[in-house]
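Below: the structure, in structure tokens.
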Amino acid sequence: MSLLLLIPQNPNKTLSLFLGWRHNKEEDPTSTMVAVKKTKKTHESINNRLALVMKSGKYTLGYKTVIDTLRNSKGKLIIISNNCPPLRKSEIEYYAMLAKVGVHHYNGNNVDLGTACGKYFRVSCLSIIDPGDSDIIKTLPGDQ
């Protein structure tokens, strides 16, 4: 679903365009249409798939256990929050590259990722070992 915005090129007509007034019977030729996609639906679908993994699959939460699963090549997908420290994030990405595992950068901070996992604490990174009934590995191959 796309959202269309009218961006006026003439600043004098800005108020009249936002209020819906027209100067002519036709559309105003000084405005252009820009399509803006919504990412809220994809964010919700990732949360739903993550909740299904938490119910029916196997996973590990936290930096140390993610590194252990990558060293033992047990992980299938790594999810990292957007406020994970850069050095830690690059180390996880390096280990994932060596283990040929997909990495997904979650579009939210560690509080949001913890909430999406159904936990009451912060989660900066998690490793999905077995997706269970979820199709999260097929839909999120990783942003490598």
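Points to keep in mind about this one:
- Counted residue by residue at 0.36 nm each, then reduced by the alpha carbon distance between them, the extension gain from residue 44 to residue 87 reaches 12.6 nm.
- Amide H contacts under 5 Å for residue 74: none, restricted to partners 5 or more places along the chain or on a different chain, H placed in the peptide plane at 1.01 Å from N.
- Potential lengthening of the chain between residue 55 and residue 121 amounts to 22.0 nm, from the contour at 0.36 nm per residue minus the alpha-carbon distance.
- Here residue 94 sits with roughly 120 square angstrom of accessible surface, probe radius 1.4 Å.
- Largest first, the residues 54, 97 sort by 1.4 Å accessible area into 97, 54.
- Approximating the spin labels as points 7 Å out from Cα along Cα→Cβ, the residue 107-to-residue 68 distance works out to 3.3 nm.
- Rolling a 1.4 Å probe over the protein chains gives residue 130 an accessible area of about 70 Å².
The values are calculated or read from the model by the stated rules, or taken from the named source; none is laboratory data. Every value quoted in this text rests on a predicted model; they were computed, and no experiment measured them. FYI the Cβ positions are ideal-geometry reconstructions off the backbone, even for glycines, and counts take in every protein chain you see. Surface accessibility is based on the protein's heavy atoms, side chains included, excluding ligands, DNA and RNA. Shrake-Rupley method; radii C 1.70, N 1.55, O 1.52, S 1.80 Å.
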